[in-house]
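See below for the structure under consideration.
Just so you know, all these numbers are worked out from the coordinates, no wet-lab data involved. These numbers come from a predicted model, not from an experiment.
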Amino acid sequence: MIPSAKENYRFDLTDVRWQLKRKDIIKRDKVCQRCGSDKYLDVHHTYYLYGYKPWEYDDEYLITLCRNCHNREHSDLK
């Protein structure tokens, strides 16, 4: 069975290159850029490009969001 793009993306998020970039972005922002929370922080891509790996984006297109704001951001994209 061939993995879906969503499954591949989830796998890419376990890559050490993404984990390091994610850590740097959270360190830069310190808190959620929407609500100011410092709990359960994720890194959000402000846009997506076909074929790019999560760690290949310039830092300026990545922002820290708490889990609630991140989920809200993605639900608004649908």
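List of remarks:
- When the square roots of the Cα gyration tensor eigenvalues are ordered a ≥ b ≥ c, the ratio a/c for the chain is 1.5 or more and a/b exceeds b/c, which makes its shape prolate.
- Within the same chain, lysines fewer than 8 places from Lys39 are excluded, and of the rest, those with a Cα less than 23 Å from its Cα are Lys21, Lys23, Lys27, Lys30.
- Segment Gln33..Arg17, full-extension length gain: 3.5 nm, with 0.36 nm per residue of separation and the alpha-carbon distance subtracted.
- Once backbone amide H atoms are built at 1.01 Å from N, Ser37 has Cys32 as its partners under 5 Å, excluding neighbours fewer than 5 places away on the same chain.
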